[in-house]
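One structure is given here, and the rest of the page talks about it.
The values are calculated or read from the model by the stated rules, or taken from the named source; none is laboratory data. All values derive from a computational prediction rather than experimental measurement. Using ideal geometry, Cβ is built from the backbone for each residue, glycine included, and neighbour counts are taken over all protein chains shown.
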Number of protein chains: 4
Amino acid sequence: MAGNIFGKILTLSTFGESHGEAIGGILDGMPAGLEIDLGLIQRELNRRKPGQSTVVTSRNETDEVDILSGLLDGKTLGTPIAFLVKNIDHKSIDYFHLATAYRPSHADFTYEEKYGVRDIAGGGRSSARETVARVIGGAFAKQLLTKNNISVSAYVNSIGTVSLDIPYIDLVLSGTEDSIVRCPDKTMSEKMIELINQTKNKGDTLGGEITCVIKGVPTGLGEPVFNKLNAALSHAIMSINAVKGFEIGSGFEASKMLGSEHNDLFIMKDGILGTQTNNSGGIQGGISNGNDIYFKSAFKPVSTLMMDQKTVDKDGNQVILKGKGRHDVCVVPRAVPIVEAMATLVIADHLLLNRLSKI
Amino acid sequence: MAGNIFGKILTLSTFGESHGEAIGGILDGMPAGLEIDLGLIQRELNRRKPGQSTVVTSRNETDEVDILSGLLDGKTLGTPIAFLVKNIDHKSIDYFHLATAYRPSHADFTYEEKYGVRDIAGGGRSSARETVARVIGGAFAKQLLTKNNISVSAYVNSIGTVSLDIPYIDLVLSGTEDSIVRCPDKTMSEKMIELINQTKNKGDTLGGEITCVIKGVPTGLGEPVFNKLNAALSHAIMSINAVKGFEIGSGFEASKMLGSEHNDLFIMKDGILGTQTNNSGGIQGGISNGNDIYFKSAFKPVSTLMMDQKTVDKDGNQVILKGKGRHDVCVVPRAVPIVEAMATLVIADHLLLNRLSKI
Amino acid sequence: MAGNIFGKILTLSTFGESHGEAIGGILDGMPAGLEIDLGLIQRELNRRKPGQSTVVTSRNETDEVDILSGLLDGKTLGTPIAFLVKNIDHKSIDYFHLATAYRPSHADFTYEEKYGVRDIAGGGRSSARETVARVIGGAFAKQLLTKNNISVSAYVNSIGTVSLDIPYIDLVLSGTEDSIVRCPDKTMSEKMIELINQTKNKGDTLGGEITCVIKGVPTGLGEPVFNKLNAALSHAIMSINAVKGFEIGSGFEASKMLGSEHNDLFIMKDGILGTQTNNSGGIQGGISNGNDIYFKSAFKPVSTLMMDQKTVDKDGNQVILKGKGRHDVCVVPRAVPIVEAMATLVIADHLLLNRLSKI
Amino acid sequence: MAGNIFGKILTLSTFGESHGEAIGGILDGMPAGLEIDLGLIQRELNRRKPGQSTVVTSRNETDEVDILSGLLDGKTLGTPIAFLVKNIDHKSIDYFHLATAYRPSHADFTYEEKYGVRDIAGGGRSSARETVARVIGGAFAKQLLTKNNISVSAYVNSIGTVSLDIPYIDLVLSGTEDSIVRCPDKTMSEKMIELINQTKNKGDTLGGEITCVIKGVPTGLGEPVFNKLNAALSHAIMSINAVKGFEIGSGFEASKMLGSEHNDLFIMKDGILGTQTNNSGGIQGGISNGNDIYFKSAFKPVSTLMMDQKTVDKDGNQVILKGKGRHDVCVVPRAVPIVEAMATLVIADHLLLNRLSKI
């Protein structure tokens, strides 16, 4: 009920403050008998890790995952899978100057209003460090999807004003990980890196867009009328720090199209029912139709700047906030595995829910 | 667990097929002692009703709400509030030609895949007629918000390519209901009506955008990390039929801005803490900060066209689907109270949840 | 979250005050494609009905069920099944004398404390009339169990001090419905009827015990560690009005036995694994083991007496409560279908949940 | 949804196999600002610990609790509180002989049926070692109750046939912890110890009863109709390993009483509304009425015997199970803090839920 449990059947409970002892979670509801590749869990986590390339924060967080329960001889037991990652590189001293000032567009003020207290060190629970647990949970769920021949692949579609503007279908998504900004187009990838470096020099920050493509989803996933697959995906993605928008299939563009342009006509392809176009983004009436599911999400620029900002402290005094610490200029490349993890958890949950639809 | 219950504390369970006996629901968790204006319930429902103006479907659905429980002497008892609206104008005959054909971009195919059966008449449960129950549930919740000085106002921002492109702050939202397309700008409202009429003559359909503004929300609403207020709003809105996108505050535009442009600087206004801008859309770290909450949603064009469309039937034969029946060219004006209802249910739920945040 | 929704996968939301317009509910999560015998729904409801025999209240409640949604051509659609029973024989006048007095061992005082208001007529929501919706929900669920060869049979084990004291295994349960007190033993049944009549003449009331036997449950049902099958059954039964105790298998007697007496030894019977005894009551470690599940529940005597009782009113004045109205001397015979309904809902829910346990 | 999350508002998610790396959990929904005495957490855990006295198992489990999140400066942050206890004294070798044999009245067979696999070492997740996490969760919740002047005290009412048979009201409950069997009556305590020692010598085991008394509960707790306070308590207690029965207030005895004997008459005591008797056990209509809440639970004898037992293995062969290892003759004394923990979690959850009942 409090907001730290995600999912219906496959539930991820998470915990952890940015500079507390550990970040972790419990994944409950994973069916028994699934082979788990623990290496994959760590590899997914590494894709989220600070310090992985020159375009991300140089903070050194080792982020090694410990599995505490739920597995036996490399397979799931059907019992809760608990995991944690210890917090090592605290450097709480970086945050002392924040003790009373509210950082602009951070959650300092709202946490204090809601809870009457806030954990200043690293933003406490409001820090994106919390997403470590999402990535690990998602990495387990991914293995259920792989077993069902479903793949989830996200990539950076834009950083600031540098935008790909190519439909995912015309991209080679296998190239995403070759780019340190996780953009599958080489030329645009270089432009994005350049923009990040320029912006870093100015002490400013960037946002961007992430597109996610889910292939191999069988028909029937989604629980109308309130837990439609698109609604569940939207909830999952909008719950990630810094996300400001979500669109599926034709998205906002759909609002400008005529019905005769937008409708996905049914056709037979080699004896199999399909559609001529996929404006629906693989979901109709809230239920997957077997086509690729694709959606796009918008991330705002990082709120922590390496420049002075005027703000107000707890007592209402105007103060100057100095730009300090080691922070990302743009989190979007590191957010790719987070978007994938959340989408994966949703699809896995609905794959299980859909076992219940017929007698 | 199945998808027909919405909310955490204030839960709305709904039921009803388009051409079944009735549409209705149960609203559980409404605190006891709230005075209820039953007239308001019916008025909200009338805003959604077919036949209310020349730009919407001429179907005649009386849509009169019956309250079955939960009230005594005009006040809530703290027990479930059940309500229903009988379905009168069935005309099931209109749908006989659909018996085996899958209508493009409808849920015919996906329902059949998921449940092994579908209710052909009017689309059964997949029909937007289901939103009758959302509007009624929302109309009850609205009275809890009013008591807390919170208002929820949606309006049509665009229909097809006719777009308002003015921030909500520069509009007079009290004028929305004077326009039959529910656009508060008179000139644009007329252009929208014109576009609808033109499109109707061609047998084609339109989509559009709805903006929603929520004023008076206290600080503290939202349940990080998974049930952030923005995530809950997104889920609610994306669960409405035909919605393809959702953005809050600066939305997709945020992805193109620099941090120094996007950050909402804290300032003191007349001794009260506020922010210079509101790119955050009233929510930071998933928790309301006291500013206006505003978001935009995109609706795809109506899938039922008044023209021939090629499609495929259950047995894989190509068939021609004739445009028949009385359908909306554009549902966006009628969707305004639905968007408001869903946003209202979310805010009311979180208002209650937030009673639990401190000792 | 509020307490009017029962179940995890198969959820029953109920509504209705004793003397309101209607009692009803929504059953969500029933798999699609199940054939429904509507006659059975009404027959189950008739088993609960007042006025069915000389030993129960003579109140005349017709209790005819209306199904509003979720079915097509006699089969479930996979969408919510809504139903209601109109309240006809209100006679609210019977309750006027209760306007301020708190009836002993009723919920008058506690409802007023919790909600700040109470619906005096018939006890409002606290009335056992609420169980109408449970019986209907259970009658739908029963058809899912029947399809899976599971049967749920309850009977009256004792009324007041007249107790059967024979293990269920030595009774012919098919005879239960031949007895107006629903006791399958003819001699004891007559003694029970005699006791009820005697007690009625004194204006006093009786309680009793109901035993319930569930046959054909496959292995594997139950969700440790918190939603063990026995815990879920206990919750379900203890939520019925007037129930004070629940025991499964060997029950309280188990506490006095030695381990060597109590252990159910595994044996092979005709090549099939079984147990020599069934002290476990068909559940081990919270999971069904394929044996009969049996449990017993205790009902307190009816609180409404046909004699004067001293009590206190809202203002703290001592008042005399007169015995008036048409009330049951003993509800236990009418509670048999209610116990069955709740047990049925639990087993059906867990049957669905168990589809999720393995890959 | 899977069964490892307990509670509605205050949710406890637990994990851990008996011989896995750790046992632990996450307590979410604890209001912010509560002072936490960490010493109390460990002390409660010590009451559950093996090796604490001569009447319990001599296994040496240090059971030291680690808190990983959710606290700052000794107060709750309103974020999830995660904790774990490392498993040290595995001795998995004790269990090798069980590899294929199903232990009578254990969960070996049912886990294997449900999950297709079982963790043989120590019973895996089905081991009562899982209750470590319940005790810790309860110890946090207890501090919320203490702040609200509510106390929860359980004691051993019987072991085997040695039964106290004195109403709780006539006992000095503060003496419970002075007895190594946790029976507040000195004479009976000694008889119980004697019985345990005798039974131990025979290699046999014992069950018993635990009574729990909750004082200071305000009126209004409980969420009818399905989540009545008594139903929630029953669920919580019946979910503990080895519990076979639950009764509240007058319990099973109620079924034999007349209404005129059983009704709790309202009276004024020193200007305050009270009742003459408390057969209701502090709950009427599922809602607390301000009186003491008391209930009794029955534990079956320990299933692991120190004597030979016939059983069957996975392949259907009859085998002899040897009595080995260090096991409790009677777990009832160690179960006292577990019963208290579960009751505490329920009351704390309902204390929070009740904040939502009125406007």
Just to be sure before I move on: is A:G325 in contact with a helix residue (DSSP H, G or I) (Cβ under 6 Å, 6 or more places away or on another chain) and surrounded by fewer than 19 Cβ atoms within 10 Å (Cβ to Cβ) in the structure I sent? yes
Just to be sure before I move on: is C:K296 farther than 27 Å from C:G245 by Cα and among the basic types (K, R) in the structure I sent? no
When every residue in region C:73-88 that is part of a strand (DSSP E or B) and within 17 Å of C:L40 (Cα to Cα) is compared, the one nearest to the other protein chains (Cβ to nearest Cβ) is C:A82
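With respect to C:S260, determine if the residue is under 24 Å from D:K114 (Cβ atoms) and of a type outside the set (A, V, I, L, M, F, W, C). First the steps, then the outcome.
Working: under 24 Å from D:K114 (Cβ atoms): no; of a type outside the set (A, V, I, L, M, F, W, C): yes.
No: the conditions fail for C:S260.
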Hey, does region C:148-159 have a residue that's more than 7 Å from chain D (Cβ to nearest Cβ) and touching a Pro at 6+ places or on another chain (Cβ under 7 Å)? yes
When you go through A:S127, A:S105, A:S179, A:S189 one by one, which is the residue that is under 17 Å from the mean Cα position of the chain (by Cα) and of a type in the set (S, T, N, Q)? A:S127
Checking the condition over 30 Å from A:G286 (Cα atoms), in contact with an Asp or Glu (Cβ under 7 Å, 6 or more places away or on another chain) and either part of a loop (DSSP other than H, G, I, E, B) or not hydrophobic (A, V, I, L, M, F, W, C) (or both), which residue from C:N46, C:N60 passes? C:N60
Which number in (1) surrounded by 22 or more Cβ atoms within 10 Å (Cβ to Cβ); (2) over 23 Å from the mean Cα position of the chain (by Cα) marks the one condition that B:Q318 misses? (1)
Considering only strands (runs of 3 or more DSSP E) fully contained in region A:206-274, which possess at least 3 residues that are at pLDDT 95 or above and within 8 Å of chain B (Cβ to nearest Cβ)? A:243-248
Tell me yes or no: at least one residue of region A:91-114 is basic (K, R) and more than 12 Å from chain B (Cβ to nearest Cβ). yes
Taking region D:12-28 as the search range and keeping residues that are more than 7 Å from chain A (Cβ to nearest Cβ) and modelled with pLDDT under 95, which one is surrounded by the fewest Cβ atoms within 10 Å (Cβ to Cβ)? D:H19
Out of (1) at the interface with chain B (Cβ under 10 Å from one of its Cβ atoms); (2) buried (at least 23 other Cβ atoms within 10 Å of the Cβ), the odd one out for A:K8 is which? (2)
Tell me which of these B:N157 doesn't satisfy, since it passes every other one: (1) more than 19 Å from the chain's Cα centre (by Cα); (2) within 25 Å of B:A341 (Cα to Cα). (1)
State the number of residues belonging to region D:116-147 that are under 23 Å from C:G222 (Cβ atoms) and either crowded, with 24+ Cβ neighbours inside 10 Å or touching a helix residue (DSSP H, G or I) at 6+ places or on another chain (Cβ under 7 Å) (or both). 18
Residue pairs within 6 Å by beta carbon, gap of at least six or interchain, first lying in region A:317-339 and among the acidic types (D, E), second in a loop (DSSP other than H, G, I, E, B), listed first then second, are A:D328/A:V56; A:D328/A:T57; A:D328/A:V302
Considering region D:170-192 alone, what residues qualify as being aliphatic (A, V, I, L, M) and out of contact with any strand residue (DSSP E or B) (no Cβ under 9 Å at 6 or more places or on another chain)? D:V172, D:I180
Would you check which residues across region D:29-42 are in contact (Cβ under 8 Å) with a residue 40 or more places away in the chain and surrounded by fewer than 24 Cβ atoms within 10 Å (Cβ to Cβ) and list them? D:P31, D:A32, D:G33, D:L34, D:E35, D:I36, D:D37, D:L40, D:I41
All positions within region D:315-359 that are at pLDDT below 95 and in a strand (DSSP E or B): D:Q318, D:V319, D:I320, D:L321
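Out of all the residues in region C:152-177, which are surrounded by fewer than 15 Cβ atoms within 10 Å (Cβ to Cβ) and touching a helix residue (DSSP H, G or I) at 6+ places or on another chain (Cβ under 8 Å)?
Answer for region C:152-177, where residues must be surrounded by fewer than 15 Cβ atoms within 10 Å (Cβ to Cβ) and touching a helix residue (DSSP H, G or I) at 6+ places or on another chain (Cβ under 8 Å): C:T161, C:E177.
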Looking only at region B:295-309, and only at residues there that are outside any loop (DSSP other than H, G, I, E, B) and more than 7 Å from chain A (Cβ to nearest Cβ), the one that is surrounded by the most Cβ atoms within 10 Å (Cβ to Cβ): B:S297
Listed by first then second residue, the pairs whose first member lies in region B:147-160 and is at positive phi, whose partner is buried (at least 24 other Cβ atoms within 10 Å of the Cβ) and in a strand (DSSP E or B), with beta carbons under 7 Å and at least 6 positions apart or on separate chains, are B:G160/B:L206; B:G160/B:G208
Mind checking whether some residue in region D:48-68 is within 14 Å of chain A (Cβ to nearest Cβ), surrounded by 16 or more Cβ atoms within 10 Å (Cβ to Cβ), at pLDDT 95 or above and over 19 Å from the mean Cα position of the chain (by Cα)? yes
Could you name every one of the helices (runs of 4 or more DSSP H) located completely within region B:89-202 that has at least 2 residues being among the β-branched types (V, I, T)? B:131-147, B:186-201
Among the candidates B:S250, B:S255, single out the residue that is among the polar types (S, T, N, Q) and without any contact (Cβ under 8 Å) to a residue 12 or more places away in the chain. B:S255
Consider region D:240-264. How many of its residues are hydroxyl-bearing (S, T, Y) and surrounded by fewer than 24 Cβ atoms within 10 Å (Cβ to Cβ)? 1
Which numbered condition trips up B:V312, out of (1) in a loop (DSSP other than H, G, I, E, B); (2) more than 30 Å from B:V55 (Cα to Cα)? (1)
Is it the case that region C:335-357 has a residue that's crowded, with 16+ Cβ neighbours inside 10 Å, under 23 Å from C:R129 (Cα atoms) and in contact with a Pro (Cβ under 9 Å, 6 or more places away or on another chain)? no
Does region A:35-42 include one or more residues that are within 14 Å of chain B (Cβ to nearest Cβ), in contact with a strand residue (DSSP E or B) (Cβ under 6 Å, 6 or more places away or on another chain) and modelled with pLDDT of 95 or more? no
Please go through region C:30-43 and give me each residue that is more than 12 Å from C:Q143 (Cα to Cα) and either of a type in the set (S, T, N, Q) or in a helix (DSSP H, G or I) (or both), ordered by number. C:Q42, C:R43
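Which of the residues that make up region B:275-287 are touching a residue at least 24 places away in the same chain (Cβ under 8 Å) and more than 7 Å from chain A (Cβ to nearest Cβ)?
B:N278, B:N279, B:G281, B:G282, B:I283, B:G286 - these are the residues of region B:275-287 that are touching a residue at least 24 places away in the same chain (Cβ under 8 Å) and more than 7 Å from chain A (Cβ to nearest Cβ).
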